[in-house]
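For reference, the structure discussed in these notes is given below.
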Amino acid sequence: MKKEISLIINDIKHDILVESNRTLQELLSKQLDLTGTKHGCGTGDCGACTVIVDGNAVCSCLVLAVEVNGSRILTVEGLKKDRKLSELQQVFLDLGAFQCGFCTPGMLMSAKALLDSNSCPSIEDIKRAIAGNLCRCTGYTKIVDAIKTVGHDNN
Amino acid sequence: MKTFTVVGKRIPNIDIEKVTGDAKYVNDLFFPNMLCGKILRSPYAHANIKSIDVSRAKKLEGVKAVVTFKDTLGIKWIQVGPPFEDKYPLSEGKVRYVGDEIAAVAAIDENTAEKALSLIKVDYEKLPSVFNPEEAMLPGAPQIHEHVENNISVHRVRNYGNAEKAFQKSDLIFEDKFVVGPQSHGNLEPNGSISYFDEKGVLHVWSSTQSPYFVRKELSHIFDIPVSKVIIKRMYAGGGFGARSKVCEDEIISALLSQKSGQPVKVIYSREEELTTTRIRHPMIMYLKTGVKKDGNFMAREMKIIADNGAYNHCGPAVLGYAVMVTSSLYKVKDVKVESYLVYTNKHFGGPYRGYGVPQVAFAIESQIDKIAKELGIDPLELRLKNIYEKGYVTPCGFKITSCGLKECLEKAAEAIGYKDIKKSSDPFTGVGIASLIHCSGARVYADGDFSSATVKANSDGFVTLLVGNADCGTWSNTTLSQIAAEELGVSMDKIHLICMDTEKTPMDMGSWGSRTTFIAGNAVKIAARDLKEQLIRATVKELGGKEKDFYINDGIIQSYKSIGKVKLGESTVQFPLGDAVLASTERIGQSLYGKGHYEPNSEFIDRSTGTGNISAAYSFAAHAAKVKVDPDTGETLLEDFVGVHDVGQPINPIAVEGQIQGAIAQGVGYALMEKFTYDDNGNVLENSFADYKMPTVMDLPFLKTHIVDIVDDEGPFGAKGVGEPGIIPVAPAIINAIYDATGSQIKILPATPEKIYWGIKKDRSKL
Amino acid sequence: MRLQDFDYYLPNNLEEAISIFSNEDSSKLLGGGTDLLIKMKKGIVKPVAVIDLKGLKNILNFISYEKDKNCIIIGATTSLQDIAKSPIITKYLPVLAEAAISVGSLQIRNKGTIGGNICNASPAADTAPALLAYGAEVVMYGSNGKRSIPLSKFFVGPEKTTMGEKEILTEIIVPVANESNGTYIKLASRKAMDISIASIAIIVFSSPSEVKEIQIALGSVAPTAVLVKGIQVIYDGSEPLNSKTIKKIGKLSVEQISPITDHRASAAYRSEMVFNLVCRVVGELTLAGGKKYEERN
């Protein structure tokens, strides 16, 4: 079954014909070439596919594309501002908050959702916000550091 | 310490696309006419295949290829080489674990491919299976490979010195059994690859491999085509840790499917396949016996290791071999005997994994040291310091220690965790533990050798292209190798452009494993940069006059220490832009000048009769300290603090080094406390998702502290040694020792789940 | 691991939803989808139709405090994160807020609903013990109209409830106890993203000076979440609680569970955890100064 849906992805409106069994993750990476949103498990257990839907971080592998008709979606590709890295991306880069980079898009989106709702989060807030984003490379220390740094700068 | 301009600096990672979402991993590539490949796997742990009927699958609309053993050349994987080959690309008529590959299909989409798999009919004859290596060794146990009696793939006895005599001279002898379970690499990116046999018969493979040259060699062998007809193109890799340091099933199977269909085929594992069929850290049962003098001097060590191979050898013989060598090399003990068995079982099989057999044996040795310390009434840190060795020592298996910061590491780790205060503290159920490590910087464990090559190209505009065959699987080697080139050449980082790993374009490199990249590929890059620098200076001298030895390059400008003729030092005429030197050189090709580098350390291949050899040209050291609080009512462990102090020689990039250590600690925490695989009676893995296979989340870890001690290794590039693997080794024993300190109860079976700790405390209390 | 094809419906009133649900033989309701989509991907359920309840937001997604009835009504598709962060819930039903925030990860809580957590009837559902201990009721709609039952009569077994096959859970009604104190403890291998080995919700209802009633509910230690019965027989609130009585309550709790041994933990461990944690938490909530459990031994 196919359905016409309309989404605003990274500030661009898309009218798309999509199959009902297509997840948002598949729609983004396979249909719209937004491959930054990664597929790590398909069951919401790793967070690599995290995107922001209407302000909330969700695992896009557990969201049907048809389900979010009319929503505003932000993916990692939408983080840059005026072709420049956002502060969050820049700090991730400067402090070395990634290694293999596979969890990074999801991690950035969880961090972005947090900072949008809480511009100066505590360490506990940060940990809770990214608890659903597994990283096998970094031990999280530099990631928490980076998000904290952006939070402090916001202050 | 020598001052550098680029090396040792906190330079951000050069792969900026990792924070923009532009970094392409295998699954992000789409080709026209690309098919989806899926694998039919055994539902049984042990069975003969009586027949396979693929006719219905072939007829399904959208199916482009179905392959079974009959479609292969019937050639086994090489892996560690003869006589250990035991696996065909697809089952030859027998399956040996749940998940063994039987057939594969390529179809126009995933749902069609899955439907096709369900249409393949396999007739099995179930066989009895065995999951415990000690049971598998018994006479009468099910035989997993026809040619291997009692399922013992490897049995070696190594005598380093005379342990028997040394035990006689010991005052006290300690004997314990330690058991460690399997561990998944847990890469966030599932294994996968795309293969395409083109019209000319050239096999192109896009892979996240750590070692393109091993993959090329294996594929050329399995398909019986020249290596030049196999091109491995590396994508970004979502993790490595050894998981992809050899050819993987997906690479072979996608290639088979492409060969059959004539179209590009992408094979990406599901998370369940990833967790239940890819390599794991070898489980081991270890019987450890140590003889000591009353004053704490280690006299003799005897270890019997029974390593659970799983269904196939893969790198098991080499992993076990290295584990045996390190068993003799952890702390100063001259007389060591190690008996080791590698035993087949009907389970998913082991392979290389960060630490290569050492986290297992280090857990046993380091845990027992704390028991010895308690018995002797010596502080565990003091006991360790009493038994460490220094630069110049040769370990019983022949490791020549050319630089060693172990003492500094132990002392700093204790200081940073507040060791003395915690020991003195009366906090109930709070404890501190410490453990250390030795690890190679590259290892000559394969007959191929242990080398890397690099090419550095200077362009007439002053930019430099660095070509390396190495694979950055998240280790930052793209950045650190660029730093080495920049430092040696005297240019800034923004002038370096790196091209990595495409077997058709980049020079040969054995890959990113064995903590070898910084040391071995780094030296190759340094040699290539030096070669280029010499050519540039030669061209400059020809142009300006003066002597070659008086020239150097700084920030891309070739300058002289001395005045040349009448031209005074510092005047623009003794400053020659690098690009101009390229143009002035008669050696230039087009408008570029090439420097070539090849490095192979003066290390030794293991002597197979004695198990000795200096397999690496440098060894890294570290000490880790953990502080825990245990809840005696539940057995839960709160890891309050963790410190990793490392001797990595000169760090090329401290951010990268800290990152490697922190990430390794996190994996070690998982190994110590939560990560495990359990099997039901039929051999099915129960932890088949990230919900059940529990890797630490950010909530499970404290802020991971790291320190780098001030040591330089003379052979390493700018004094650097390897750091990729070491960090995982002492984590489990440091934590288990802290739990022992906190509760008085010693956990000897990993992982130390709350339940194990709870029963341990309860049992020990009941003895009181 | 890919979803098979299905028809997608987005009804915008309850009657329409019930009508589609009743007419489509193999249909499933989509709340947050954090369980349903996984089951569909694994082929455990293969619905021909998926009925998305998002169109019913105005009647299913809310939290309200009903002053006159002194209760809180929670719409079934309210997200677990909204519950965890709701000022009403954190004020009146703090144990439910604690339970809700212990579920999975933020991404899962943003999507997963309380109705889904209840209707899946997993023995490990985090909100179940909290709701049982508070004495919650559930409201269901079907082609025969509306009915409500106490949550304690809702669960039958793992993934089995007394809900009719074609009924839709719409609301959860939780009575408010003005003088209460409590906690939710989740014992698991990880501190986030985990399924409990054992979980315990304990609520102590009290008058300003003394404990009147204790309610305990347990998760992951029986085929369903369990509300411990008969605590009043052991302790009627007439005199101060002592450590002997607390142990009796612990024992009573253990008597009413039937834990299994699986790859997460053994039955014996689960039993001991119920005893230890019930004793510890009841003690901490009721004894002056929150004495430690060991001191009472």
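The values are calculated or read from the model by the stated rules, or taken from the named source; none is laboratory data. None of these values were measured; they are calculated from a predicted model. In this analysis, Cβ positions are derived from the backbone assuming ideal geometry, glycine residues included, and neighbour counts consider all displayed protein chains.
Annotation: B:Arg10 fulfils all but one of (1) in contact with a helix residue (DSSP H, G or I) (Cβ under 7 Å, 6 or more places away or on another chain); (2) outside any loop (DSSP other than H, G, I, E, B); (3) farther than 30 Å from B:Leu127 by Cβ; (4) among the charged types (D, E, K, R); the unmet one is (2).
Pairs linking a residue in region A:19-46 that is more than 9 Å from chain B (Cβ to nearest Cβ) to a residue that is part of a helix (DSSP H, G or I) and among the small types (Gly, Ala, Ser), with Cβ atoms under 9 Å and 6 or more positions apart or on different chains, are A:Thr23/A:Ser60; A:Leu24/A:Ser60; A:Gln25/A:Ser60; A:Glu26/A:Ser60; A:Leu27/A:Ser60; A:Leu28/A:Ser60. The numbered conditions (1) in a helix (DSSP H, G or I); (2) β-branched (Val, Ile, Thr); (3) at pLDDT below 95 are all true for C:Val274 except (3).
Considering only residues of region B:520-563 that are among the aliphatic types (A, V, I, L, M) and over 44 Å from the mean Cα position of the chain (by Cα), which is surrounded by the fewest Cβ atoms within 10 Å (Cβ to Cβ)?
The selected residue is B:Leu544.
With out of contact with any Leu (no Cβ under 8 Å at 6 or more places or on another chain) and not small (Gly, Ala, Ser) as the only criterion, which of B:Tyr758, B:Tyr693, B:Tyr679 stands out?
Numbers: B:Tyr693 fails: out of contact with any Leu (no Cβ under 8 Å at 6 or more places or on another chain); B:Tyr679 fails: out of contact with any Leu (no Cβ under 8 Å at 6 or more places or on another chain).
That would be B:Tyr758, the only listed residue that is out of contact with any Leu (no Cβ under 8 Å at 6 or more places or on another chain) and not small (Gly, Ala, Ser).
Looking at this structure, is A:Glu26 assigned to a strand (DSSP E or B) and not aliphatic (A, V, I, L, M)? Spelling it out, it is not the case that A:Glu26 is assigned to a strand (DSSP E or B) and not aliphatic (A, V, I, L, M).
Give the residue that is farthest from the chain's Cα centre (by Cα), with candidates limited to residues of region B:176-185 that are in a loop (DSSP other than H, G, I, E, B) and crowded, with 22+ Cβ neighbours inside 10 Å.
Top of the filtered list is B:Pro182.
Looking at region B:300-324, I want the residues that are over 26 Å from B:Glu164 (Cα atoms) and have a partner that is of a type in the set (Asp, Glu) with Cβ atoms under 8 Å, at least 6 apart or on another chain. Which pairs are those? Here the result reads B:Ala311/B:Asp100; B:Tyr312/B:Asp86; B:Asn313/B:Glu85; B:Asn313/B:Asp86, each pair linking region B:300-324 to a residue that is of a type in the set (Asp, Glu). Against the list (1) surrounded by 23 or more Cβ atoms within 10 Å (Cβ to Cβ); (2) over 30 Å from B:Ala416 (Cα atoms), the condition B:Lys566 fails is (1).
The rows are residues; the columns are (1) in a helix (DSSP H, G or I); (2) touching a helix residue (DSSP H, G or I) at 6+ places or on another chain (Cβ under 7 Å); (3) within 14 Å of chain A (Cβ to nearest Cβ); (4) among the hydrophobic types (A, V, I, L, M, F, W, C).
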{"site": "B:Ser195", "(1), (2), (3), (4)": "no, yes, no, no"}
{"site": "B:Lys200", "(1), (2), (3), (4)": "no, no, no, no"}
{"site": "B:Val205", "(1), (2), (3), (4)": "no, yes, no, yes"}
{"site": "B:Thr209", "(1), (2), (3), (4)": "no, yes, yes, no"}
{"site": "B:Glu218", "(1), (2), (3), (4)": "yes, no, no, no"}
{"site": "B:Ile225", "(1), (2), (3), (4)": "no, no, no, yes"}
{"site": "B:Lys233", "(1), (2), (3), (4)": "no, no, no, no"}
{"site": "B:Gly240", "(1), (2), (3), (4)": "no, no, yes, no"}
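Taking first residues from region A:84-105 that are at the interface with another protein chain (Cβ under 7 Å from one of its Cβ atoms) and crowded, with 24+ Cβ neighbours inside 10 Å and partners that are part of a helix (DSSP H, G or I) and of a type in the set (Phe, Trp, Tyr), the Cβ contacts under 8 Å between residues at least 6 apart in sequence or on separate chains come to A:Phe98/A:Phe92; A:Thr104/A:Phe92. Residues in region C:219-230 that are within 19 Å of C:Thr183 (Cα to Cα) and either in contact with a helix residue (DSSP H, G or I) (Cβ under 6 Å, 6 or more places away or on another chain) or of a type in the set (Ser, Thr, Tyr) (or both): C:Gly219, C:Ser220, C:Val221, C:Ala225, C:Leu227, C:Val228. Among the residues of region C:127-138, are any farther than 24 Å from C:Leu285 by Cβ and either modelled with pLDDT of 95 or more or of a type in the set (Ser, Thr, Tyr) (or both)? Yes, region C:127-138 contains at least one residue that is farther than 24 Å from C:Leu285 by Cβ and either modelled with pLDDT of 95 or more or of a type in the set (Ser, Thr, Tyr) (or both). Scanning region B:455-498 for residues that are within 21 Å of B:Arg354 (Cα to Cα) and more than 14 Å from chain A (Cβ to nearest Cβ) yields B:Gly469, B:Asn470, B:Leu481.
For C:Lys111, the stated conditions do not hold, so it cannot be described as under 24 Å from A:Lys112 (Cα atoms), under 18 Å from the mean Cα position of the chain (by Cα) and surrounded by fewer than 21 Cβ atoms within 10 Å (Cβ to Cβ).
Listed by first and then second residue, the pairs with beta-carbon distance under 6 Å, at least 6 apart or on different chains, first residue in region B:44-71 and on the phi > 0 side of the Ramachandran plot, second in a helix (DSSP H, G or I) and surrounded by 15 or more Cβ atoms within 10 Å (Cβ to Cβ), are B:Gly62/B:Thr112.
The residues of region B:343-375 that are in contact with an Asp or Glu (Cβ under 9 Å, 6 or more places away or on another chain), part of a helix (DSSP H, G or I) and either under 14 Å from B:Ser329 (Cβ atoms) or aliphatic (A, V, I, L, M) (or both), listed by number, are B:Val358, B:Ala364, B:Ala373. Would you mind stating whether A:Ile147 is crowded, with 24+ Cβ neighbours inside 10 Å and either free of Cβ contacts under 8 Å to residues at least 12 places away in the same chain or more than 8 Å from every other protein chain (Cβ to nearest Cβ) (or both)? Spelling it out, A:Ile147 is indeed crowded, with 24+ Cβ neighbours inside 10 Å and either free of Cβ contacts under 8 Å to residues at least 12 places away in the same chain or more than 8 Å from every other protein chain (Cβ to nearest Cβ) (or both).
Would you pick out the residues in region A:114-126 that are surrounded by fewer than 24 Cβ atoms within 10 Å (Cβ to Cβ) and either β-branched (Val, Ile, Thr) or under 16 Å from the mean Cα position of the chain (by Cα) (or both)? Give the derivation first.
Filtering region A:114-126 for residues surrounded by fewer than 24 Cβ atoms within 10 Å (Cβ to Cβ) gives A:114-125.
Selection gives A:Leu114, A:Leu115, A:Asp116, A:Ser117, A:Ile123.
Of the helices (runs of 4 or more DSSP H) entirely within region C:65-157, those holding at least 2 residues that are more than 14 Å from every other protein chain (Cβ to nearest Cβ) and at negative phi occupy C:87-92, C:94-101, C:114-119, C:127-134. The residue that is nearest to the other protein chains (Cβ to nearest Cβ), counting only those in region A:53-65 that are surrounded by fewer than 23 Cβ atoms within 10 Å (Cβ to Cβ) and not in a loop (DSSP other than H, G, I, E, B), is A:Asn56. Highlighted here are the strands (runs of 3 or more DSSP E) found entirely within region B:17-92 that include at least 1 residues which are more than 30 Å from B:Asp681 (Cα to Cα): B:35-41, B:63-67. Residues that are within 14 Å of chain A (Cβ to nearest Cβ) and of a type in the set (Ser, Thr, Tyr) do occur in region C:32-53.
Regarding region B:82-105, can at least one residue be identified that is modelled with pLDDT under 95 and on the phi > 0 side of the Ramachandran plot? Looking through region B:82-105, none of the residues is modelled with pLDDT under 95 and on the phi > 0 side of the Ramachandran plot. On the given criteria, is B:Ala471 part of a helix (DSSP H, G or I) and among the hydrophobic types (A, V, I, L, M, F, W, C)? No. Among residues of region B:82-96 that are free of Cβ contacts under 8 Å to residues at least 24 places away in the same chain, those with a Cβ under 9 angstrom from a residue that is of a type in the set (S, T, N, Q), sequence gap 6+ or separate chain, pair up as B:Tyr88/B:Thr72; B:Glu92/B:Thr72. For region A:126-144, give me each residue that is in a helix (DSSP H, G or I), within 13 Å of chain C (Cβ to nearest Cβ) and either touching a residue at least 40 places away in the same chain (Cβ under 8 Å) or among the small types (Gly, Ala, Ser) (or both). Of everything in region A:126-144, those that are in a helix (DSSP H, G or I), within 13 Å of chain C (Cβ to nearest Cβ) and either touching a residue at least 40 places away in the same chain (Cβ under 8 Å) or among the small types (Gly, Ala, Ser) (or both) turn out to be A:Ala129, A:Ile130.
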